[in-house]
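Worksheet for the structure shown next.
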Amino acid sequence: MTKMQLEQSFTNLLKDIRENSMAEDFDPQKPSEGLGDSIAKVTNALGIDKLAEKVAHLAGKEDCGCNRRREKLNELFPYKKEEDKTE
């Protein structure tokens, strides 16, 4: 692969990353329920989530596992809800 072809492939990859979004069930505007949501918000803001999805697809995987990790981290490290803070 020539340098020009490599640069074009990389440019196309970045374009695809910008156009694709994280899984539909994650809304970065919603309050975080736990550590997983907070990490997902950071990776979403930096575009890392989209890059991980693209790399996973290039590697032949269905998804990158980000949502499973987010849910597991939320389960292990939940944030207390307002009603829980009074106890």
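The values are calculated or read from the model by the stated rules, or taken from the named source; none is laboratory data. Keep in mind that this is a model prediction, so the values were computed, not measured. Cβ sites come from the backbone with ideal geometry, for glycine too, and all protein chains shown count toward neighbours.
What the table below lists for this structure:
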read-out: Looking only at region 12-47, and only at residues there that are among the β-branched types (Val, Ile, Thr), surrounded by 16 or more Cβ atoms within 10 Å (Cβ to Cβ) and at pLDDT 90 or above, the one that is farthest from the chain's Cα centre (by Cα); value: Ile39
read-out: Long-range neighbours under 9 Å by Cβ, at least six apart or interchain, first residue on the phi > 0 side of the Ramachandran plot within region 36-54, second part of a helix (DSSP H, G or I); value: Gly47/Leu14; Gly47/Ile17; Gly47/Arg18
read-out: Conditions (1) in contact (Cβ under 8 Å) with a residue 12 or more places away in the chain; (2) over 21 Å from Ser9 (Cα atoms): number failed by Lys80; value: (1)
